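Undergrad: First the structure, then my questions, so here it is.
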Amino acid sequence: MILLIDFGSQTAHLIARRIWELGSPVTIVLPEEITAAVRQHKPHGIILSGSPKYLDGKKPPLIPEKVFRLGIPILGICYGHQLMAHILGGRAGEAKVKEYGPAMLTIVNQSPLFSLPASHFQVWMSHGHEVQREAPGFVCIARTDTGTLAAVADEKQKFYGIQFHPEVVHTKYGTDILRNFLSICGIRTKPRRMTARTIARMVTTIKAEIDDKRAVCGLSGGIDSTVAAVLVHRAIGT
Amino acid sequence: MRAGETEEIQKTFGRYFKLNLIVVNARQEFLTALSGVTDPERKRLIIGELFIRIFEREAKKLRADYLVQGTIYPDVIESKGTKHADKIKSHHNVSGLPKFMKLQLIEPLRELYKDEVRAIAALLKFPKKLLHRQPFPGPGLAIRIIGKITPERLETVRAADHIVREEIIRAKLWDKTWQAFAVLTGARSTGVRGDERSYGETIAVRVIEAVDAMTAHWSRLPYDLLDKISSRIVNEVPGINRVVYDITNKPPATMEWE
């Protein structure tokens, strides 16, 4: 299973969704809970999410250094990438050129993380801070046109840091990169989708919750509120 | 609601779903509550609270204990979903909820994203038109009017929005866009109309493409279509003398202006 550390990124839950879609169990925990969570879940891999905070700012959320001595593969995304450099002896700081939106990534060193059909493709960035010097033992494996250390790797320890967001659809091969990380962790992947069974499970849950009481639905005419209304209707009738 | 939408929804619901649909017209209540309010966060909170009070009123008549909402995960996370997250905006259905509520919430889609909800809707065999219905903000057109909300400004943005929608549908691009709408920006500028100086408001047209609502590109609409939209708005919507096209991705912008 994958342990996902949520430093407060808007997309932490989306990373979890992608991991779930690739067929691996995933649990989201706060950085404060990491030690207990590792003990409890015995993860095959750890993913560090992005964050609205930055390392040279006020009270950045941290994790203990010993997490990097457990022999568990780690993928740091955005803030997670910067945090890993910061803890392991590299340097992170404010970027001269801030990148928000699409950027072109070029792979400069082969890595199992980037076992992909292309070596130059679009990724999605959203950052004002960056890794300025990689930690000892790491090499740069990809750059963007602005020269950022967009991806670094310590292949021996299976530590990877990427500045872009593989979980969003605008990053080409984003899912492939996450799949590659799962295979680095030794997790076998198989695609998972919404099915009639998922729906049946949701209906059962609603039924148990409302029981024989009555409900009103707030309906905007949009698809979300309509789907919610139809599911509840299936569960408890009119 | 957008122009003509209430009727359209009543029609769809009558035809496809055997749900007990009650339409409450609370236009005046919302306009009164929002009168003079310009701060976007306050707008959202006022709307969120009023929504609940209206639901409570209706629920009392029906003797209901639960309120079902179509909250999806992006609403939750943007309203500060986890400990270290920043609040991006208060969604009326999440952090816009009043502290004291008589109704208990049921939110079956709280962990899901838009495309997953669409997948469920397809499995439930929803009509195509509803499957492709564009997302519409919970607080309604109020957050597409920058500054004060008055009945006149509401009509202005609704008329401009209707043109955007009509032209994109005519160009057969509606299904390819995630959202397309007009924003009344509150910016004023000088124009010239029939040799006469004009000083009117500015409409921004926002058309975007996305899959899961967390990131989005602005749409590369054909220039001719943009030209048509712009000409129609300045000619048909009173008080508007300039139209701009919003070319910002999400991030750093959000889809809506407020």
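Undergrad: Can you confirm whether residue A:60 is within 14 Å of chain B (Cβ to nearest Cβ) and touching a His at 6+ places or on another chain (Cβ under 7 Å)? Don't jump to the end; show me each part of the working.
TA: On the way: within 14 Å of chain B (Cβ to nearest Cβ): yes; touching a His at 6+ places or on another chain (Cβ under 7 Å): no.
Considered against the rule, which asks whether it is within 14 Å of chain B (Cβ to nearest Cβ) and touching a His at 6+ places or on another chain (Cβ under 7 Å), residue A:60 comes out as no.
Undergrad: Can you tell me how many residues in region B:55-85 are of a type in the set (S, T, N, Q) and out of contact with any Asp or Glu (no Cβ under 8 Å at 6 or more places or on another chain)?
TA: 1
Undergrad: Please tell me if residue A:152 is free of Cβ contacts under 8 Å to residues at least 60 places away in the same chain, assigned to a strand (DSSP E or B) and buried (at least 17 other Cβ atoms within 10 Å of the Cβ).
TA: The answer is no for residue A:152.
Undergrad: Kindly evaluate residue B:204 against the criterion of being under 17 Å from the mean Cα position of the chain (by Cα) and open to solvent by less than 20 Å² (accessible area, probe 1.4 Å). Even if it seems obvious, please write down each step before you answer.
TA: Working: under 17 Å from the mean Cα position of the chain (by Cα): yes; open to solvent by less than 20 Å² (accessible area, probe 1.4 Å): yes.
So residue B:204 passes the test.
Undergrad: Another one. Please count how many residues of region A:173-218 are open to solvent by less than 20 Å² (accessible area, probe 1.4 Å), in contact with a helix residue (DSSP H, G or I) (Cβ under 8 Å, 6 or more places away or on another chain), more than 7 Å from every other protein chain (Cβ to nearest Cβ) and assigned to a loop (DSSP other than H, G, I, E, B).
TA: 0
Undergrad: While we're looking at this one, here's another question. Can you confirm whether residue A:230 is in the same structural domain as residue A:78 (by TED's automatic domain parsing), at pLDDT below 95 and within 30 Å of residue B:97 (Cβ to Cβ)?
TA: no
Undergrad: Hey, does region B:33-53 have a residue that's at the interface with chain A (Cβ under 9 Å from one of its Cβ atoms) and of a type outside the set (A, V, I, L, M)?
TA: Within region B:33-53, one or more residues are at the interface with chain A (Cβ under 9 Å from one of its Cβ atoms) and of a type outside the set (A, V, I, L, M).
Undergrad: If you go through region A:112-142 one residue at a time, how many are more than 14 Å from chain B (Cβ to nearest Cβ), surrounded by fewer than 19 Cβ atoms within 10 Å (Cβ to Cβ) and either farther than 24 Å from residue A:89 by Cβ or not β-branched (Val, Ile, Thr) (or both)?
TA: Of region A:112-142, the ones more than 14 Å from chain B (Cβ to nearest Cβ) are A:112-121, A:129-142.
Right, trim to surrounded by fewer than 19 Cβ atoms within 10 Å (Cβ to Cβ) and you get A:112, A:115-121, A:132-133, A:136-137, A:139-140.
Subsequent filtering for residues that are either farther than 24 Å from residue A:89 by Cβ or not β-branched (Val, Ile, Thr) (or both) retains A:112, A:115-121, A:132-133, A:136-137, A:140.
Going through region A:112-142 one residue at a time, the tally reaches 13.
Undergrad: If you go through region A:223-235 one residue at a time, how many are surrounded by 20 or more Cβ atoms within 10 Å (Cβ to Cβ) and either part of a loop (DSSP other than H, G, I, E, B) or not small (Gly, Ala, Ser) (or both)?
TA: Summing the residues that are surrounded by 20 or more Cβ atoms within 10 Å (Cβ to Cβ) and either part of a loop (DSSP other than H, G, I, E, B) or not small (Gly, Ala, Ser) (or both) in region A:223-235 gives 7.
Undergrad: Could you please let me know if residue A:81 is surrounded by 21 or more Cβ atoms within 10 Å (Cβ to Cβ), touching a helix residue (DSSP H, G or I) at 6+ places or on another chain (Cβ under 7 Å), part of a helix (DSSP H, G or I) and on the phi < 0 side of the Ramachandran plot?
TA: Details: surrounded by 21 or more Cβ atoms within 10 Å (Cβ to Cβ): yes; touching a helix residue (DSSP H, G or I) at 6+ places or on another chain (Cβ under 7 Å): no; part of a helix (DSSP H, G or I): yes; on the phi < 0 side of the Ramachandran plot: yes.
Judged against the criteria, residue A:81 is not a match.
Undergrad: Being under 18 Å from residue A:157 (Cβ atoms) and of a type in the set (Ser, Thr, Tyr) is the requirement here; does residue A:111 meet it? Talk me through it step by step, then tell me what you get.
TA: Values: under 18 Å from residue A:157 (Cβ atoms): yes; of a type in the set (Ser, Thr, Tyr): yes.
Yes; evaluated as a whole, the condition is true for this residue.
Undergrad: For residues in region A:20-36 being within 14 Å of chain B (Cβ to nearest Cβ) and open to solvent by less than 20 Å² (accessible area, probe 1.4 Å), which is nearest to the chain's Cα centre (by Cα)?
TA: The residue in question is A:29.
Undergrad: So, of the residues in region B:66-104 that are among the basic types (Lys, Arg) and open to solvent by 40 Å² or more (accessible area, probe 1.4 Å), which turns out to be farthest from the other protein chains (Cβ to nearest Cβ)?
TA: Top of the filtered list is B:99.
Undergrad: Still on this structure, I have one more. Among the numbered criteria (1) surrounded by fewer than 16 Cβ atoms within 10 Å (Cβ to Cβ); (2) touching a helix residue (DSSP H, G or I) at 6+ places or on another chain (Cβ under 9 Å); (3) touching a residue at least 40 places away in the same chain (Cβ under 8 Å), which single criterion is violated by residue B:36?
TA: All conditions are met except number (2).
Undergrad: Scanning region B:105-132 for residues that are in contact with a Ser or Thr (Cβ under 7 Å, 6 or more places away or on another chain) and at the interface with chain A (Cβ under 8 Å from one of its Cβ atoms), which turns out nearest to residue A:10 (Cα to Cα)?
TA: Out of the qualifying residues, it is B:109.
Undergrad: Something else now. For region B:181-193, state whether one or more residues are in contact with a Leu (Cβ under 7 Å, 6 or more places away or on another chain), open to solvent by less than 20 Å² (accessible area, probe 1.4 Å) and β-branched (Val, Ile, Thr).
TA: Within region B:181-193 (the criterion being in contact with a Leu (Cβ under 7 Å, 6 or more places away or on another chain), open to solvent by less than 20 Å² (accessible area, probe 1.4 Å) and β-branched (Val, Ile, Thr)), the answer is no, since none of the residues qualifies.
Undergrad: Please determine whether any residue of region B:234-242 is outside any helix (DSSP H, G or I), more than 25 Å from residue B:1 (Cβ to Cβ) and either open to solvent by 60 Å² or more (accessible area, probe 1.4 Å) or modelled with pLDDT of 95 or more (or both).
TA: Scanning region B:234-242, I find at least one residue that is outside any helix (DSSP H, G or I), more than 25 Å from residue B:1 (Cβ to Cβ) and either open to solvent by 60 Å² or more (accessible area, probe 1.4 Å) or modelled with pLDDT of 95 or more (or both), so the answer is yes.
Undergrad: Give the residue, chosen from B:122, B:64, that is more than 22 Å from the chain's Cα centre (by Cα) and part of a loop (DSSP other than H, G, I, E, B).
TA: Only one candidate passes the filter, namely B:64.
Undergrad: Next question, about the same structure. Kindly provide the set of residues from region B:208-233 that are in a loop (DSSP other than H, G, I, E, B) and within 17 Å of residue B:173 (Cα to Cα), ordered by number.
TA: B:210, B:211, B:219, B:220, B:221, B:222
The values are calculated or read from the model by the stated rules, or taken from the named source; none is laboratory data. Because the structure is a prediction, the values reported are computed rather than measured. In this analysis, Cβ positions are derived from the backbone assuming ideal geometry, glycine residues included, and neighbour counts consider all displayed protein chains. Areas reflect the complete protein model, heavy atoms only, side chains present, ligands, DNA and RNA absent. Shrake-Rupley method; radii C 1.70, N 1.55, O 1.52, S 1.80 Å.
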